[in-house]
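First comes the structure, then the notes that go with it.
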Amino acid sequence: MAETPGVPEPTLDEQIAAYQREFQDLDPQVEQIVSALSRLNRRMNVAYGRQTADLGISNAEWEVLKALVLSGAPYRMGPSDLAKRLGLTPAAMTHRIDRMHAQGLVTRERDETNRVRVIVELTAEGREKWLEAMRLATVFEEELLQDLSAEERNTLGDVLTRLLRRVEHAQPDAGGRLSDLD
């Protein structure tokens, strides 16, 4: 259900009731869980987007910084590896790297062992942006989970990880996007 400006999104209960009215085979318990996860994901992405915008980067650029950090020191990857990791076309990845290079977040140099290959490397400024984003995200995430006990956090983490593994097993190629968002 797309949200129209000025028109509030239906509550989960209203959404489930409408779905049940139109599709009688719906399991309301399953729909509540899936719809709540979907709404939570959407709202978290908006919150993260606001945080990265405050830092002068986009969520898309944050994803590249994150991929480079996850690759480990010296935080280097080829553009095609980055594109695969993020589920992007090579053209979209090149566009993203161009923007980030202009901002001083990454360098782009020829691989000394294979002059045809380009290597993208995180700069000190890019690493600092990543650290700033992590600091902001940590505060947001702690606030998000503040009402859950340690036991509830462990249980929720375990359950969500099991769900994620099931989806990853059933859809191993679904780590990227259906289309480029740049």
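The values are calculated or read from the model by the stated rules, or taken from the named source; none is laboratory data. Quantities reported herein were computed from a predicted structural model and do not represent experimental measurements. When we count neighbours, we look across all protein chains shown, and the Cβ atoms used for this are built from the backbone with ideal geometry, even at glycine.
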Residue check for Tyr75: hydroxyl-bearing (Ser, Thr, Tyr) and either touching a His at 6+ places or on another chain (Cβ under 6 Å) or not assigned by TED's automatic domain parsing to the domain that holds Arg127 (or both): no
Matching residues in segment 116-137 - criterion: being free of Cβ contacts under 8 Å to residues at least 40 places away in the same chain, under 16 Å from Gly56 (Cα atoms) and either small (Gly, Ala, Ser) or not in a helix (DSSP H, G or I) (or both): Thr123, Ala124
Selection count, segment 52-62, where residues are part of a helix (DSSP H, G or I) and surrounded by 19 or more Cβ atoms within 10 Å (Cβ to Cβ): 4
Residues that are aliphatic (A, V, I, L, M), assigned to a helix (DSSP H, G or I) and under 18 Å from Gly126 (Cβ atoms), drawn from segment 87-109: Met93, Ile97, Met100, Ala102
Which listed residue is touching a helix residue (DSSP H, G or I) at 6+ places or on another chain (Cβ under 7 Å), exposed (fewer than 14 other Cβ atoms within 10 Å of the Cβ) and without any contact (Cβ under 8 Å) to a residue 40 or more places away in the chain, from Gly72, Gly104, Gly6, Gly49: Gly104
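Being within 24 Å of Leu144 (Cα to Cα), over 19 Å from the mean Cα position of the chain (by Cα) and assigned to a helix (DSSP H, G or I) narrows it down to one of Gln15, Gln20, so name that one.
Numbers: Gln20 fails: within 24 Å of Leu144 (Cα to Cα).
Selected residue: Gln15, the only one of Gln15, Gln20 that is within 24 Å of Leu144 (Cα to Cα), over 19 Å from the mean Cα position of the chain (by Cα) and assigned to a helix (DSSP H, G or I).
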Residues of segment 107-131 satisfying the condition of being of a type outside the set (Phe, Trp, Tyr), within 20 Å of Gly49 (Cα to Cα) and surrounded by 15 or more Cβ atoms within 10 Å (Cβ to Cβ): Gly126, Arg127, Lys129
Members of segment 142-176 found to be in a helix (DSSP H, G or I) and of a type in the set (A, V, I, L, M), listed by number: Leu144, Ala150, Leu156, Val159, Leu160, Leu163, Leu164, Val167, Ala170
Residues (assigned to a helix (DSSP H, G or I) and among the small types (Gly, Ala, Ser)) located in segment 70-80: Ser80
Residue check for Ala36: loosely packed, with under 13 Cβ neighbours inside 10 Å, in contact with a helix residue (DSSP H, G or I) (Cβ under 8 Å, 6 or more places away or on another chain), touching a residue at least 24 places away in the same chain (Cβ under 8 Å) and not acidic (Asp, Glu): yes
Selected residue (only one of Thr107, Thr138, Thr123 is polar (S, T, N, Q) and farther than 29 Å from Ser80 by Cα): Thr138
The listed residue being outside the structural domain of Thr123 (by TED's automatic domain parsing), in a helix (DSSP H, G or I) and not polar (S, T, N, Q), out of Ala36, Ala83, Ala67: Ala36
